[in-house]
Amino acid sequence: MSLSEAEKSDSKKAPRKNRAAEIANTFEWLITAFMLAFVFRAFVMEAFRIPTGSMADTLKGAHFRLCCEQCGYKYDHGFSPYSYRLPQDTVPRGSRTPPDSRCPNCGYYSRTSRAMPVANGDRILVLKCIYQFFEPKQWDVIVFKNPTDPSINYIKRLVGRPGETVEIIDGDVYINGEISRKPPKVQDELWMPVYNNDYQPVRPQERSFDDHTNHIWRQPFNIENSEWTIHEDNPTLFCLDSGADQIHSLIYDTSIGNDFKATYAYDDVTKYQRMPYCSDLMVRFYVHPAGLQGRIGVELSKYETSYKAWVDLTGEMAITKTEKDGKTTERRMPIEPPAINKATLVKFANVDHQLTFEFGGDKLVYDLGRAAEGAGERITDIEPQVGIFGSGKLTLSHIEIFRDIHYTKTDPPNRASEGNPIPLGKDEFFVLGDNSPNSEDCRLWRAKGKGNNGRLYREGIVPRDYLVGKALFVYWPSGFRPFVKSRFAIVPNVGRMRFIYGGSSTTD
């Protein structure tokens, strides 16, 4: 064979060798990628689906997406497979008829017979092994092995850590005898709606706005015996035109609007009347002053103590505390007068024994103390009161009322309840669900935790060995199905993608 013929023969064999090498390299990369993905999933980050509503509304299991047919307020109601004779943790194809529910805004009781699709639970990313290097922080949302059945993953909010004593008093968490305040981003996540004046019923004469008296809807802010009026062209606005020294009040009437009980729109409405009052509240609205003569303020009560926060439009803000015996204390702070005919945000919150008053960019804080008696004698059957007061020429818009999360009592053993604190030992943690009335958590576990080699853990705690990781991000928040009978919700709900906020390194 000549040299030229040999060269031609080698040139034909070369492409075959190159293709074989390319295929081998491709398989090598695929195997490497698979191994990296496996390692990443096992040790760095893993996706989980929320199966139940124990962390609602922060994280939702399978649920119905509802919209109040009266006021248009959107809310979710949990789907219980048991009620539809389906196996646990089942999300059915097609549609189902939702149970009775109540709008968390206008109080309308919906008794629909119209079937609708069931939304899947949120899908989240969990940062694993973080607790191998960093201590868990209070208020983190954590994933852990269920101590009584380690084959099941649970997700709850961490409230107690090793060496701490946990006690729940009137819905608040106390650590070592002092109230534990939530970090600002966690608190913002946990506010629950009571009333939003921007959403008002279109058929208020229907008698379905209260399960007991079955009354028609009326504006829950009482304007009788005052000079407050409802705007002629916009019923969501309140107007005042009075002398600068003449105070007039808007009182929220719970016999007409939603009350302050620790209810969840997500849960069974038949349990509402058994819920306790939640007296940690927030009022938020915008004020449009037409001049710099007058005052605007908010009044909240807790037990038998009244708290008022107000702004003198000439340039001063104040918080006053008036006790049952008439004793009054106050905090004052000078501010710049507000802009005339421009909207300024007003926000007053009484939460975790701390009063916070915001007016535009100014903030005034009144610390009531961390002891259980800091807010006065606990009389939990007294309903809190909410009012807005003012003088001068004012217009109010976007009025909203919220309540704080309230950890409720449960059936025995009801650990960490008032008078029954639970001290945590080494490597022991205490967790609660955000949907407190519908959460199987440390308060209720009746069996010892099961460890390896026959080891048993104390009842009512999460051992360090069973921590899986920290919930980080909702990457697929119960997407939408393109068709009613579609098996998978493949259309992402982009607007609900969000980080899951947890603990803070600060003490407050």
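Restricted to the stretch 140-154, and to residues that are touching a helix residue (DSSP H, G or I) at 6+ places or on another chain (Cβ under 7 Å) and in a strand (DSSP E or B), which residue is farthest from Gly61 (Cα to Cα)?
So in the stretch 140-154, the residues touching a helix residue (DSSP H, G or I) at 6+ places or on another chain (Cβ under 7 Å) come out as 144-145, 147, 150.
Now restrict to residues that are in a strand (DSSP E or B): 144-145, 150.
On the way: Phe144: 17, Lys145: 18, Pro150: 20 Å.
By that ranking, first place goes to Pro150.
Going through Thr356, Thr410, Thr329, Thr380 one at a time, which residue ends up being touching a Ser or Thr at 6+ places or on another chain (Cβ under 9 Å), free of Cβ contacts under 8 Å to residues at least 24 places away in the same chain and among the polar types (S, T, N, Q)? Explain how you work it out, then say what you get.
Values: Thr356 fails: touching a Ser or Thr at 6+ places or on another chain (Cβ under 9 Å); Thr410 fails: free of Cβ contacts under 8 Å to residues at least 24 places away in the same chain; Thr380 fails: free of Cβ contacts under 8 Å to residues at least 24 places away in the same chain.
Being touching a Ser or Thr at 6+ places or on another chain (Cβ under 9 Å), free of Cβ contacts under 8 Å to residues at least 24 places away in the same chain and among the polar types (S, T, N, Q) holds for just one of Thr356, Thr410, Thr329, Thr380, which is Thr329.
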Could you list all residues from the stretch 257-271 that are over 27 Å from Thr320 (Cα atoms), touching an Asp or Glu at 6+ places or on another chain (Cβ under 9 Å) and surrounded by 19 or more Cβ atoms within 10 Å (Cβ to Cβ)?
Tyr264, Ala265, Tyr266
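Which one is surrounded by the fewest Cβ atoms within 10 Å (Cβ to Cβ) among residues in the stretch 277-304 that are in a loop (DSSP other than H, G, I, E, B) and within 18 Å of the chain's Cα centre (by Cα)? So that I can check it myself, show each step before the final result.
Within the stretch 277-304, the first condition is being in a loop (DSSP other than H, G, I, E, B), and the residues that meet it are 278-280, 303-304.
Filter again for within 18 Å of the chain's Cα centre (by Cα), leaving 278-280.
On the way: Cys278: 23, Ser279: 26, Asp280: 25.
So the residue we want is Cys278.
Anything in the stretch 71-100 that is under 24 Å from Asn197 (Cα atoms) and modelled with pLDDT under 95? List them, or say none. Before the answer, list the steps.
The first filter runs over the stretch 71-100 and keeps only residues under 24 Å from Asn197 (Cα atoms), leaving 71-77, 100.
Correct list: Asp100 only.
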Does the stretch 207-227 hold any residues that are touching a residue at least 60 places away in the same chain (Cβ under 8 Å) and buried (at least 16 other Cβ atoms within 10 Å of the Cβ), and which are they?
Ser208, Phe209, Asp210, Trp217, Phe221
Given the residues Asn438, Asn452, Asn420, which is the only one that is on the phi < 0 side of the Ramachandran plot and without any contact (Cβ under 8 Å) to a residue 24 or more places away in the chain?
Asn452
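Quick grid of which residues meet (1) acidic (Asp, Glu); (2) in the same structural domain as Asp259 (by TED's automatic domain parsing); (3) in contact with an Asp or Glu (Cβ under 8 Å, 6 or more places away or on another chain):
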position: Gly387; (1), (2), (3): no, yes, yes
position: Leu424; (1), (2), (3): no, no, yes
position: Phe429; (1), (2), (3): no, no, no
position: Asn453; (1), (2), (3): no, no, no
position: Val462; (1), (2), (3): no, no, yes
position: Phe480; (1), (2), (3): no, no, no
position: Ala489; (1), (2), (3): no, no, no
Tally of residues being outside any loop (DSSP other than H, G, I, E, B), under 23 Å from Asn153 (Cα atoms) and in contact with a Ser or Thr (Cβ under 9 Å, 6 or more places away or on another chain) across the stretch 78-104:
2
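Just checking, which of Ile223, Ile230, Ile179, Ile247 is among the aliphatic types (A, V, I, L, M) and touching an Asp or Glu at 6+ places or on another chain (Cβ under 6 Å)?
Details: Ile223 fails: touching an Asp or Glu at 6+ places or on another chain (Cβ under 6 Å); Ile230 fails: touching an Asp or Glu at 6+ places or on another chain (Cβ under 6 Å); Ile247 fails: touching an Asp or Glu at 6+ places or on another chain (Cβ under 6 Å).
It is Ile179.
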For the stretch 152-189, what are the residues that are buried (at least 19 other Cβ atoms within 10 Å of the Cβ) and among the small types (Gly, Ala, Ser)?
Gly160, Gly171, Ser180
Scan the stretch 143-152 and give yes if some residue there is without any contact (Cβ under 8 Å) to a residue 40 or more places away in the chain, out of contact with any strand residue (DSSP E or B) (no Cβ under 7 Å at 6 or more places or on another chain) and not basic (Lys, Arg), otherwise no.
yes
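Output the residue which, of all residues in the stretch 291-312 that are among the hydrophobic types (A, V, I, L, M, F, W, C) and modelled with pLDDT of 95 or more, is nearest to Ser242 (Cα to Cα).
Taking the stretch 291-312 as the starting set, the residues that turn out to be among the hydrophobic types (A, V, I, L, M, F, W, C) are 292, 296, 298, 300, 309-311.
Now drop any that are not modelled with pLDDT of 95 or more, which leaves 296, 298, 300, 309-311.
Numbers: Ile296: 12, Val298: 17, Leu300: 23, Ala309: 20, Trp310: 17, Val311: 16 Å.
Step by step, filter the stretch 291-312, then rank; the result is Ile296.
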Residues that are modelled with pLDDT of 95 or more and surrounded by fewer than 19 Cβ atoms within 10 Å (Cβ to Cβ), at least 1 per element: which strands (runs of 3 or more DSSP E) completely within the stretch 319-437 meet that?
328-334, 344-351, 354-359, 362-367, 386-403
Checking the structure you have, find out if any residue of the stretch 164-175 is touching a Pro at 6+ places or on another chain (Cβ under 8 Å), modelled with pLDDT under 95 and over 22 Å from Tyr286 (Cβ atoms).
no
Condition test on Val287, is it of a type in the set (A, V, I, L, M), touching a strand residue (DSSP E or B) at 6+ places or on another chain (Cβ under 8 Å) and within 30 Å of Ile216 (Cα to Cα)?
yes
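The values are calculated or read from the model by the stated rules, or taken from the named source; none is laboratory data. What you are looking at is a predicted structure, and each value in this text was computed from that prediction instead of being measured. Here the Cβ is made from the backbone with ideal geometry for all residues, glycine too, and neighbour counts use every protein chain on show.
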